[in-house]
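Worksheet for the structure shown next.
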Amino acid sequence: MWASQHQAHDWHALLLLVVTFAAFASASLENNRCRVILNNLGTALSCAMLMQWQEIHEVFAFDGYAARVPYIEQHFVILVGASFFILLEVDRVNGRTRTREALQLSRQFHGSIAHAKCSKASDGQRIFMEIGEKTSAVDYAIHVLLAAGMSTPTLREVARAGVDIQNAGYAEVAVPVWAFMTSLVTCGHVVFDIVYRDTPWYCLFFEGISFLARVALLGLLWQSDRDERCFILKMMTKIVVLYVLLASPMVFVWEWRASERHSPNRAWFVMPALVYTSILAISCLGMRRVLALPGHGQCLLQLFLARGRSILPSALSFCALRPDSDSESESAASLLSTDYSSE
């Protein structure tokens, strides 16, 4: 009996690693076909884990309803994980739709409004009179619109600094939704520890900070402008994916040793508190202040805005630039040249 239970935990731990890899790859890759395969694989494996998962028990045994808390909590997290892959697929479909829209918008645009034509000559004259000497500014705003999906003063300033703003006006929501949904688990942990356990104050403190930071992030997202909201979601996706990637080996070990009733170390809850307070701090800074950070502000902002294979090359190229380099304007111009032919 013990051997069969131990073997089941081994399989669950292996499935957990595969699901984590699929989530990380799907959230990072650009290839649509690979993302479809990974999303379907992750959904199927998450459902299999949901049906067969053996909960990780605490060292202390509880009676009554409290004994079911680990089962409910861990199955809820797996259910959220299955929903996460569905949201990844929704993000993928929305991304392809946005690419087609951008392609249609860029058709018959020759790089400047000076080449624009109106059905009535009088309308064209009136429009150009209103634009006056701001033709270059309007052209630049259009280039930012085509590259980022929107044109705002912040995005134009970021683009002039040489940061690649490709698709910066759009954000995927799968990872942030997962992070906000799991905050319910954190809140439940705090309540459970207060009612049923004599938990040290510092554990409650870090769990409470993790929950409150996510609540504050929701409020900040609600009040932010659209471009800053997209930046927050993109940045949150990068940091949370890295956090899950680093934390998954610990969960793997806990599930591997679940048959031994090996309890997770409560000190690990310091990690989510640090992660979400860091996300909140960077969100409060915004794109302009992150860009203005001394040292490698451009590099950091590029890491948050880029996706897939362009993350490291773009960030490393900015880290290699000298602060007094004159190539920033040339870099900005080249980064605004949008290529949709690959789609």
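Any read-out appearing in this document is the output of simple, stated calculations on the displayed coordinates, not a laboratory observation. Keep in mind it's a predicted model, so treat the numbers as computed, not measured. Every residue, glycine among them, receives a Cβ derived from its backbone with ideal geometry; neighbour counts consider all protein chains shown.
Which ³J(HN,Hα) values in Hz, rounded to whole numbers, follow from the phi angles of region 218-229 under the Karplus curve 6.51 cos²θ - 1.76 cosθ + 1.60, where θ = phi - 60° and Gly and Pro get x?
4, x, 5, 4, 5, 8, 6, 5, 5, 5, 5, 5
Sticking with the crude label model, points 7 Å out along Cα→Cβ, report the distance from D139 to L79 in nm, one decimal please.
With each label placed 7 Å out from Cα toward Cβ, I get 5.7 nm.
Between V195 and L246, what is the FRET efficiency for a Förster distance of 41 Å, r being their Cβ-Cβ separation, to the nearest 0.05?
Values: r = 31 Å, r/R0 = 0.75.
For R0 = 41 Å, the calculated efficiency reads 0.85.
Can you compute 3J(HN,Hα) from phi for each residue in region 198-215, using the Karplus curve 6.51 cos²θ - 1.76 cosθ + 1.60 with θ = phi - 60°, rounded to whole Hz and x for Gly and Pro?
8, 7, x, 4, 5, 5, 4, 4, 5, 5, x, 4, 4, 5, 5, 4, 6, 5
Gap in Å between the Cα centre of region 13-41 and the Cα centre of region 150-219?
Computed from Cα coordinates, the inter-centre distance equals 22 Å.
About the Cα centre of region 130-208, what is the dipole size in debye to 20, counting +1 per Lys and Arg Cβ and -1 per Asp and Glu Cβ, all else neutral?
Values: 4 positive and 9 negative charges, 2 e Å.
For this selection, approximately 0 debye.
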